[in-house]
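Just so it is clear, none of the values below were taken in a lab; they were calculated from the coordinates. All of these numbers come straight from a predicted model, not from anything done at the bench. For neighbour counting, all protein chains shown are included, and Cβ atoms are generated from backbone atoms with ideal geometry for every residue, glycine included.
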Amino acid sequence: MSKRLSLYLRHAPERIGIQLDEGGWVEVDVLLAALAGKGIALTRAQLNEVVVTNDKRRFAFDHTGTRIRANQGHSVAVELDLPVRVPPALLYHGTVAAFLPTIRESGLLPMKRHDVHLSATVGTARTVGSRRGEPVVLTVDAAAMTREGHEFRLSANGVWLAREVPPRFLSIP
Ligand code: HQG
């Protein structure tokens, strides 16, 4: 269910006939009705369960509990208005060997998402990389990037986001 909600709340809301507002939010009632329309029976209690128990905390309700959005990872245009934060000195990015030649050349780019996703721990980066094969973990000199004016944002589920990571800030094993 979490994967399916990711599809609708990050990439293809039109598939169930919903629209996300500029912040990526949709009314919970609208979402549940749209899902029901596609034969996906999900109660409000079950949705709460998904939001609370999802290991990656992919989704959040707004403070009134009437709207829901994905915390990060969108490919559709949304403005999450996340605060700029000073990152830890080192951040990590998990990828696979096949991408290294272009990463050495152009650094890390957002590809289909809005931002490059970086992890605070090697372990998380390894997990992210292993989605694609044998993981390779790159180290990002986030302190140097900050000194040179690059901004980092922190998503509600602890993912560090950057517009790009130029090659000179990367240590590639
Ligand atoms: C690579 C999951 C060639 C990059 C995870 C990555 C994460 C380049 C892929 C979240 C490149 C993009 C994000 C360049 C970057 N040349 N390849 N210049 N720059 N790449 O999925 O970081 O399940 O968009 O290394 O847990 O893998 O969605 O990013 O392999 O938090 O909740 O291009 O997705 O969370 O892939 O993963 P992605 P990602 P969710």
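Less than 5 angstrom separates the built amide H of Val96 from those of Val136, all sequence-distant by 5 or more or on a different chain. With contacts taken as Cα pairs under 8 Å and at least 6 residues apart, region 90-171 reaches a relative contact order of 42 percent.
With all pairs of separate Cα atoms included, the chain yields a Kirkwood hydrodynamic radius of 17.2 Å.
The ranking of Phe169, Phe99 from fewest to most other beta carbons within 10 Å of each one's beta carbon is Phe99, Phe169. Calculated translational diffusion coefficient of region 24-103 (20 °C, 1.002 mPa s; Stokes-Einstein with Kirkwood radius over alpha-carbon pairs) equals 138 µm²/s.
Counting only DSSP H runs of at least 4 residues, each contributing -39500 (n - 2.57), and dividing by the residue count of the chain, the helix-based mean residue ellipticity at 222 nm comes to -7000 deg cm²/dmol.
Database remark: amide H of Phe152 closer than 5 angstrom to the amide H of Arg85 (H placed geometrically; neighbours at sequence offset of 5 or more, or on other chains; Pro and chain starts carry no H). Taking every C-alpha pair closer than 8 Å and separated by at least 6 residues, the mean separation divided by the residue count of region 2-70 gives a relative contact order of 34 percent. Counting neighbouring beta carbons within 10 Å and listing from fewest to most, the residues Glu49, Glu105 come out as Glu105, Glu49. Expressed as a rounded percentage, what relative contact order does the chain have, with Cα pairs under 8 Å and six or more residues apart? Averaging sequence separation for qualifying contacts and normalising by length gives 22 percent for the chain. Measuring between their Cα centroids, region 88-118 and region 29-87 lie 26 Å from each other. A simple rule links phi to the HN-Hα coupling: the Karplus curve 6.51 cos²θ - 1.76 cosθ + 1.60 with θ = phi - 60°, which for region 147-152 gives 4, 8, x, 6, 9, 10 Hz, with x for Gly and Pro. In order along region 52-62, the Karplus-derived 3J(HN,Hα) couplings, from 6.51 cos²θ - 1.76 cosθ + 1.60 at θ = phi - 60°, round to 6, 8, 4, 5, 9, 6, 5, 10, 9, 8, 6 Hz, and Gly and Pro are given as x. Taking other C-beta atoms within 10 Å as the exposure proxy, Ile16, Ile40 rank Ile40, Ile16 from fewest upward.
Taking square-rooted eigenvalues a ≥ b ≥ c of the alpha carbon gyration tensor, is region 2-70 rounded, prolate or oblate, where a/c under 1.5 means rounded and, failing that, a/b exceeding b/c means prolate? Rounded, because the longest to shortest axis ratio a/c is under 1.5. In the elastic network of the chain, a GNM with C-alpha springs shorter than 10 Å, the most mobile of His150, His117, His74 is His150.
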